[in-house]
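First comes the structure, then the notes that go with it.
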């Protein structure tokens, strides 16, 4: 997709400018014509569309989740109070403190002024407004309940943001411990072991026989001292290549399959995915989105390729006449309670209400699971660090003890 800037006139012969993402100029012209605009100039943007710049690297061009939640709540309140949509958007654009959101709202206002639906305008900014957001707004516009839909969206975003923060908070401590462990290992191997090796060699002489463990530690230390640039460069390159591979479709799929096999981590990932599925699908169903479309959007919003594949497979079976609860019941990725609650929702016609309760339940379960894993990680990391220090200490004490025995004899 390329970015095109355009100049067009509306039915009142008022000149409008803006940008559109499209595959070619013909698509831009067709889109503008559908909006009742007459294109005057359409040019592809080249120099200013580079994604590799300092702002992108620092995340300056990204709208924060808190800003998006605030925008959604304020827009909901204003629309619900009877403020015209265009006036509400203009007011929020003037008063927002987020430069990135201000710029996006400026483009959205131009599209809405030209007669485009709000959902179509939001769809042009996929990095800010997700598929779930766009589809719910589209459903709200069609049903005339945009203010109610925006309230649901704000609530859902707050819940998702809270869950992400909890997961990140739980991962911070073990990552800090791992970082300290790695730094301590490099420090000992580069600065401490060479000095100790020199002392042992001076005491025992050039012909002294050292234990295999000590020789191994000295060899590793020597390699790290002499070729530190290879070690550090290799580690950095390995991490960068691994992260890039994980971002590819194949790498992401393999990574997600692997994480669902790891003890402890598997439980958290499953509960997070189920909570996201329940809340997202509930919100879409409550907004009046069709079941198949809701499943397709939810699959892409869950954030796990394993569950995405499962939900797309479920959509195919639902399309062939099966009920969603019966399909979910046969899938081991979903606990029995999810299928049972879905069945109740299908029977009573309150699937969205029932799934909200499922989402609340599993979000609480995520908190409990994270606390449990955090309690286990701390002693495990302490034991690991202790074992590393003990190994180095043993490699030092063994030759010293051997030399002491030789002196006695």
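Values quoted throughout were computed directly from the atomic coordinates according to the rules given, and no laboratory measurement underlies them. These numbers come from a predicted model, not from an experiment. We place every Cβ from the backbone using ideal geometry, glycine too, and count neighbours over all the protein chains shown.
Brief remarks follow.
- Figure legend: label point modelled 7 angstrom from the Cα of residue 330 along Cα→Cβ; residues of the stretch 286-313 with amide N under 16 Å from it are 310-313.
- If you wrap the tightest convex hull around every Cα atom of the stretch 145-214 and split its volume per residue, you get 100 Å³.
- With 0.36 nm allotted per residue and the present C-alpha distance subtracted, the residue 180-residue 141 stretch has 8.8 nm of extension available.
- What the Cβ-Cβ distance of residue 43 and residue 243 gives, at R0 = 51 Å and to the nearest 0.05, is a FRET efficiency of 0.90.
- Percent of C-alpha pairs per 10 Å bin in the stretch 260-362, short distances first: 16, 55, 25, 3.
- Percent of Cα-Cα distances greater than 15 Å, calculated over the stretch 192-278: 74
- FRET efficiency, 1/(1 + (r/R0)^6) with R0 45 Å, evaluated for residue 348 and residue 97 via beta carbons: 0.55
- Label-point separation in nm, residue 165 to residue 384, each point 7 Å along Cα→Cβ: 2.8
- Kirkwood hydrodynamic radius computed over the chain comes to 26.0 Å, based on all pairs of distinct alpha carbons.
- Were the residues from residue 259 through residue 172 laid out at 0.36 nm apart, the gain over their Cα-Cα distance would be 29.5 nm.
- Added length on full extension, which subtracts the Cα-Cα distance from 0.36 nm per residue, residue 225 to residue 198: 8.3 nm
- Here the contact order of the chain, divided by its residue count and restricted to Cα pairs under 8 Å and six or more residues apart, works out to 14 percent.
- Viscosity 1.002 mPa s, temperature 20 °C, Stokes-Einstein D of the stretch 64-129 from Kirkwood C-alpha radius, µm²/s: 180
- Each residue, residue 216 and residue 317, gets one label point 7 Å from its Cα in the Cβ direction; the gap between the two is 4.9 nm.
- Once the Cα atoms are used to define both axes, helix 25-34 deviates from the longest principal axis of the chain by about 50 degrees.
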